[in-house]
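Let me begin by presenting the structure, written as structure tokens, before commenting on it.
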Amino acid sequence: MTILLRVYFVGLIAFLPGDADQDITALLLDVRDGYVASDGTKIEGHKPLLLARAGHCEGDCTADQKSLAEFLYRGRLREGHGEPMDLLHKAIRDGGAWELDDSDLAIEPAAQTRRSGRDNLRILWGTQKTRAAVPQSSEERKDFHWVADISRIAPQAAEIDPDVLAAHPMKGLIAGRLRLREGEVRTHRLVRVGDEVRPIGFKTLGGGSVGVDYSQALADWIVAEIRLPGCRVRLTDTDFVDGERRRAMELSDAKCEEKAKATGDEEFVIEIAILNVPHSSFQSVVQPTEMHEHIGRHFEVYYELSKCPPPKELRPVPYVAKEDIGVKWLQVHPEEESSDFLASVVLDSGKALIIPQLCPVAVFSSLQP
């Protein structure tokens, strides 16, 4: 029996591939107290959280569920969508939910199914036949190349602050992190503009391009797929400030356990969403059909992770221009690849993330072959 673990990353999250792509670390920026952009705009505080959908959960699964249900679903009550806890349970079923706080996350098979070796990590580079500004197919859309590359946007800021990888980070730059050493990592969803995927350029909030020659479709959400033996997977959360293990949850699927007893050979899916998003992401809004000159102010925060952060007024951020032309959304995002789990959390048609806010993920490396 095998568990196919799908881990989705949404919001203010930076990625750092290791040497030769042997590992990749996801870094959740610490914007819990908000941020003031260079044009004086106040960026809303972001909440880092983890939601896990499974048929069964043992361990520390429920302590944060009530507060996270309120965060995710309170804005939907007036529209008759149900109570927050009911909506959360619909999303995660019998899984778990954590609010993250200086969290070193780890994923591993359950104790009884641990193996000595591990599969290699594969970051999906090179699905594009040409380096076009937008993908032409769903296969090209999966390329990790669509993640906004700091080394190409602002080369002087490409080197990441080593504190975020330290055993005990002390600068307060990140609220959580997860290092992956196996599985496949790829783009799940691109930034959507109306019913299209378009090239997105970069300029400062003051309007200057500061020499940026970078315009392409941008990854909005990333997914990692990891296959693990057995029917259970274990998540742990260690406080990276003091190194103390705080909690763990063990996720499983009842049908997998039943099949295992019958010596069947099937694959069962467990899904995890790691989000770093503001409360307004889940407020009801009227969805616009276009985003003309829409600016991604949140992107300024990524430069805080740089070893040499440029001045705020010189930090390029993404924007969508009226004249940009792209490809139809469904041409590169077929319906069969959508996730019911994500739909129950952040893809409901009345929630702001489908507009979307222009808050793509980013990468602090350019290790493409």
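Please treat every number below as a calculation from the coordinates, not as lab data. Just so it is clear, the structure is predicted and the values come from calculations on it, not from any experiment. With ideal geometry, Cβ positions are generated from the backbone for all residues, glycine too; neighbour counts draw on all protein chains shown.
Using Cβ contacts closer than 10 Å as the measure, can you line up Tyr214, Tyr35 from fewest to most?
Numbers: Tyr214 17, Tyr35 21.
Taking fewest neighbouring Cβ atoms as first place, the list is Tyr214, Tyr35.
Which peptide among 140-150, 328-338, 173-183, 36-46 comes first, and what is the full order, when sorted by highest mean count of other Cβ atoms within 10 Å?
On the way: 140-150: 23.3, 328-338: 13.0, 173-183: 20.9, 36-46: 14.8.
Listed from highest to lowest mean packing, they are 140-150, 173-183, 36-46, 328-338.
Once you have the Cα-Cα distance between Glu266 and Val212, take 0.36 nm times their residue separation minus that, and quote the gain in nm to one decimal.
On the way: separation 54, 0.36 × 54 = 19.44 nm, distance 4.89 nm.
Fully extending the segment from Glu266 to Val212 adds 14.6 nm.
What list of ³J(HN,Hα) values in whole Hz, one per residue of the stretch 33-50 in order, does the Karplus curve 6.51 cos²θ - 1.76 cosθ + 1.60 (θ = phi - 60°) give from phi, with Gly and Pro shown as x?
For the stretch 33-50, the Karplus-derived couplings read 9, x, 6, 10, 6, 5, 8, x, 5, 8, 7, 5, x, 10, 9, x, 8, 10 Hz, x marking Gly and Pro.
Please work through the chain and write down the cysteines that have no neighbouring cysteine Cβ at a distance under 4.7 Å.
Cys308, Cys359
State, to one decimal in nm, how far the label point of Arg152 lies from the label point of Asp19, with both points 7 Å from Cα in the Cβ direction.
Result: 2.6 nm between the two label points.
Restricting to the chain, what percent of DSSP beta bridges are antiparallel, rounded to 5? The partial results should precede the final answer.
Details: 69 of 90 bridges.
Expressed as a percentage, antiparallel bridges in the chain total about 75.
Taking only the C-alpha atoms, wrap a convex hull around the chain and report its volume per residue in Å³ as a whole number. Walk me through the numbers on the way to the answer.
On the way: hull volume 52.0 nm³, N = 369.
With only Cα atoms used, the chain gives 141 Å³ per residue.
Put a dot 7 Å past each Cα toward the Cβ at Asp39 and Lys255; how far apart are the dots in nm?
With each label placed 7 Å out from Cα toward Cβ, I get 4.9 nm.
Among Arg315, Arg246, what is the fewest-to-most ranking by other Cβ atoms within 10 Å? Don't skip to the answer; put the middle values down first.
Details: Arg315 25, Arg246 15.
Ascending number of Cβ neighbours within 10 Å: Arg246, Arg315.
Non-local amide H neighbours of Arg232 (under 5 Å, H modeled in plane, Pro and chain starts lacking H): which ones?
Answer set, sorted by chain and number: Ala110.
Pop a pseudo-label 7 angstrom from the Cα along the beta-carbon direction at both Thr62 and Arg74 and give the gap in nm to one decimal.
Going by the 7 Å Cα→Cβ label model, 2.2 nm.
Only counting other Cβ atoms within 10 Å, I'd like Leu68, Leu51 sorted with the fewest neighbours first.
Values: Leu68 21, Leu51 26.
Ranking Leu68, Leu51 by Cβ neighbours within 10 Å, fewest first, gives Leu68, Leu51.
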